[in-house]
Amino acid sequence: MLRVILNQSGEIASPHPPHILVTFVPLLNFYGSLDACSYKTLINDVVNYVEANPVPWDNLKIDREWIFENSVSYSLFEINRLIYEQAAINKGAKYWCCKSMANVHYSAELERHSPGLKYIYLYRDGRDVAVSFKKAIVGEKHIYHLANQWKYDQEACINLSEKMDSSRFFALNYETLISDPEVIIKKLCDFLEIGYSENMLNFYNSHESKATAAAGEMWQNLEKPIISTNARKFHNELGQDELEIFELITRDVLTKLDYPLFTSVVNTQLVCRDAVEKYCFINERLKNEILTKARKSDLDKRASQIQILDDIRNRTLLELAS
């Protein structure tokens with residue numbers, strides 16, 4: 001939602017994230033030590049992947065040769081930067097914005113390749129995050145895994161905030177955003193040094209919102225105005241054991257972010273080794289069940305990217321065999 005709000009500004013290019021870094025960093029070993037030849041292969045693979053994004057980057061033809069010529073080093077982080085720079089140039093925008101949540105875990109590398117970045121940390125009550133991800137086509141599904149993922153991500157963001165000057169780091173919580181959006185977005189615009197437009201809060205009428213909503217059931221609310229009551233759903237949707245597990249794992253982070261706790265008894269048996277082994281099995285089963293229930297159109301829109309990644313792995317295996 002915040003991405004498409006910002007994308008209404010002519011000063012920001014904020015296309016739907018293909019999650020370049022978290023997808024390709026684990027694959028870098030397949031490319032060996034990057035030289036001109038292997039770097040061009042990496043550029044081509046990453047651009048193919050972006051072009052297959054479930055939500056298309058409209059009106060942008062990514063120039064592979066331009067990326068190669070403008071790279072100051074052979075690095076995935078250069079490719080990421082230059083792809084987004086092309087999006088900004090194409091729009092005539094002052095900024096590009098990447099809303100890939102996992103990027104916080106690559107902040108050191110991002111700082112080296114894109115000095116002076118600004119960071120927006122939008123956080124939400126992790127128990128509501130868990131409720132959403134339990135239904136989504138992506139992500140973990142068992143409350144134990146959801147709690148650990150949320151804790152891991154928030155701790156990384158908090159650690160980054162403590163290293164950054166306030167002129168480069170803006171934190172806001174989802175609950176305040178949906179209850180008082182105009183005030184919060186105006187503050188964010190001041191931070192970014194861009195003009196506020198009422199059109200930002202009419203994001204749901206935009207082509208970008210409609211295209212994103214059409215690409216996946218998990219994004220359907222983007223076609224609607226901000227739902228001011230879309231908070232604290234976990235009270236009705238999490239069982240008592242789920243709530244206890246989540247708060248047991250994330251208690252310190254919830255408290256640091258000023259979210260109240262609703263359990264007081266610490267039952268460590270809920271996260272003992274035998275219990276965790278069972279949760280892992282259930283988590284995988286739930287992931288598979290979600291895929292069997294997903295809309296065919298949602299799966300079809302992701303199929304091309306999955307095929308590209310399979311081709312990269314298989315290409316390397318073939319080269320090793322030959």
One finds the C-alpha centres of segment 214-283 and segment 113-152 to be spaced, in Å, by 11 Å
Expected unfolding gain across Asp258-Cys37 under the 0.36 nm per residue rule, minus the alpha-carbon gap, is 74.5 nm
Diffing segment 174-189: the Karplus 3J(HN,Hα) column from phi (6.51, -1.76, 1.60, θ = phi - 60°), in whole Hz with x for Gly and Pro, holds 4, 4, 6, 4, 6, 8, 9, x, 5, 4, 5, 5, 5, 5, 5, 4
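State the dimensionless ratio Rg/Rh of segment 1-158 (Rg: radius of gyration of Cα atoms; Rh: Kirkwood radius).
Reported Rg/Rh (Cα atoms, Kirkwood Rh): 0.97.
Taking R0 as 25 Å, what's the FRET efficiency between Ala102 and Asn44 from their Cβ-Cβ distance, rounded to 0.05?
Given R0 = 25 Å and the Cβ-Cβ separation, E is 0.65.
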For the chain, using Cα atoms only, the Rg and Dmax in Å read 20.7, 61
Here the gain from full extension of Glu111 to Ala214, 0.36 nm per residue of separation minus their alpha-carbon distance, amounts to 33.7 nm
Kirkwood Rh for segment 131-241 from C-alpha pairs, in Å, is 16.6 Å
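Over every pair of different alpha-carbon atoms in segment 200-322, take the mean of 1/r and invert it; report that Kirkwood radius in Å.
One decimal place: 19.0 Å for the Kirkwood radius.
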Sorted on mean Cβ neighbours within 10 Å (highest first), peptides 229-238, 143-152 come out as 143-152, 229-238
The ³J(HN,Hα) series, computed from each phi in segment 112-122 with the Karplus coefficients 6.51, -1.76 and 1.60 at θ = phi - 60°, rounded to the nearest Hz and given as x for glycine or proline, is 5, 8, 9, x, x, 4, 9, 10, 10, 10, 9
Taking the chain and counting helices only, DSSP H stretches of n ≥ 4 at -39,500 (n - 2.57) each over all residues, the nearest-500 ellipticity at 222 nm comes to -17500 deg cm²/dmol
Listed by chain and number, the residues whose amide H is under 5 Å from that of Phe169, excluding neighbours fewer than 5 places away on the same chain and using placed H, are Tyr119
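Determine the relative contact order of the chain: mean sequence separation of Cα pairs under 8 Å and six or more apart, normalised by residue count, in whole percent.
That works out to 22 percent.
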The lysines whose Cα lies under 18 Å from the Cα of Lys99, excluding any fewer than 8 residues away in the same chain, are Lys91, Lys118, Lys210
Mean Cβ-within-10 Å packing, highest first, puts peptides 199-211, 161-173 in the order 199-211, 161-173
Once the in-chain neighbours fewer than 8 apart are removed, the aspartates and glutamates whose Cα is under 15 Å from Lys163 read Glu109, Glu111, Glu155
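Every read-out reported here was derived from the displayed coordinates using simple, explicitly stated rules and does not represent laboratory data. Bear in mind the structure is a predicted one, so any value in this text is a computation, not a measurement. We place every Cβ from the backbone using ideal geometry, glycine too, and count neighbours over all the protein chains shown.
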